[in-house]
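Worksheet: one structure, shown below.
The values are calculated or read from the model by the stated rules, or taken from the named source; none is laboratory data. Nothing here was measured: the structure is a model prediction, and the numbers come from that model. Cβ placement follows ideal geometry from the backbone for every residue including glycine, while neighbour counts extend to all protein chains displayed.
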Amino acid sequence: MAGQIPDLECQERAGTGKGAARAARRAGMVPGVVFGGDVDPLAIQIPFNVLLKKLKAGRFKSTLFNLKVEGQEDVRVICRDVQRDVVKDLPTHFDLMRLRRTTRINLFVPVEFVGEEEAPGIKRGGVLTVVRPEVELMVTAGEIPEKITVDLAGLAIGDVVTISSVDLPSGSKPIIDRDFVIANISAPTGLASSDDEDGEGEGEEAETEAAAEE
């Protein structure tokens with residue numbers, strides 16, 4: 001669960017619009033904007049290398065930050081979007097939304113699978129097929145879970161893990177009402193092919209027997 005809220009240090013950006021954004025990028029910064037909270041948007045910027053490091057560390061868009069901008073009051077924010085260069089895939093702009101700890105928001109939370117060594121299906125050569133590596137949950141901004149954990153212990157080939165079988169963090173719930181699949185343990189490719197061939201052989205034998213009887 002979420003612990004101490006990390007700081008995100010940015011600078012206020014002079015000017016808005018495409019020209020000001022290009023000037024920020026030329027200076028080695030990534031332009032951004034802070035919106036929400038019933039106050040005017042605030043144009044900001046952050047050093048390119050700082051933002052890139054945070055993006056590579058993961059969970060940037062699902063972490064509650066304490067935004068620090070000189071001359072402004074600290075405010076809790078969460079990233080709602082990071083725009084990237086279509087060719088280089090590098091950040092060119094980012095959007096932050098002001099939040100209170102009690103604000104309810106929708107976020108994608110990564111799924112961690114444990115207990116594979118205790119799953120009979122995997123021991124027999126079954127394959128863990130992950131349908132959803134992350135799940136969209138409604139959470140409280142002050143209690144954003146780092147992950148949800150799925151225990152595979154005891155699962156056999158053919159077993160399916162649905163969202164209803166997972167213990168979700170307190171205060172979190174799926175945004176989808178139906179009981180969707182997160183993962184399953186499927187038969188090894190060789191075993192599945194063998195079963196198919198056996199089925200086809202049985203069908204051919206039945207057809208031959210029927211023809212002989214006629």
Whichever residue in region 64-76 is in a strand (DSSP E or B) and at pLDDT below 95 and, among such residues, is nearest to PHE108 (Cα to Cα): PHE65
Residue match in region 151-159 (condition: surrounded by 12 or more Cβ atoms within 10 Å (Cβ to Cβ), modelled with pLDDT under 85 and more than 17 Å from PRO110 (Cβ to Cβ)): no
Failed condition for PRO91, given (1) outside the structural domain of ILE182 (by TED's automatic domain parsing); (2) surrounded by 14 or more Cβ atoms within 10 Å (Cβ to Cβ); (3) at pLDDT below 95: (3)
Per-region count, region 22-52, residues more than 23 Å from ILE105 (Cα to Cα) and either modelled with pLDDT under 95 or over 29 Å from the mean Cα position of the chain (by Cα) (or both): 5
Residue within region 66-73 that is within 18 Å of the chain's Cα centre (by Cα) and either without any contact (Cβ under 8 Å) to a residue 60 or more places away in the chain or outside the structural domain of SER172 (by TED's automatic domain parsing) (or both) present: no
Residues within region 129-188 that are of a type outside the set (D, E, K, R) and under 30 Å from GLN4 (Cα atoms), tallied: 26
Counted residues, region 6-62 - those being of a type outside the set (A, V, I, L, M) and not in a helix (DSSP H, G or I): 23
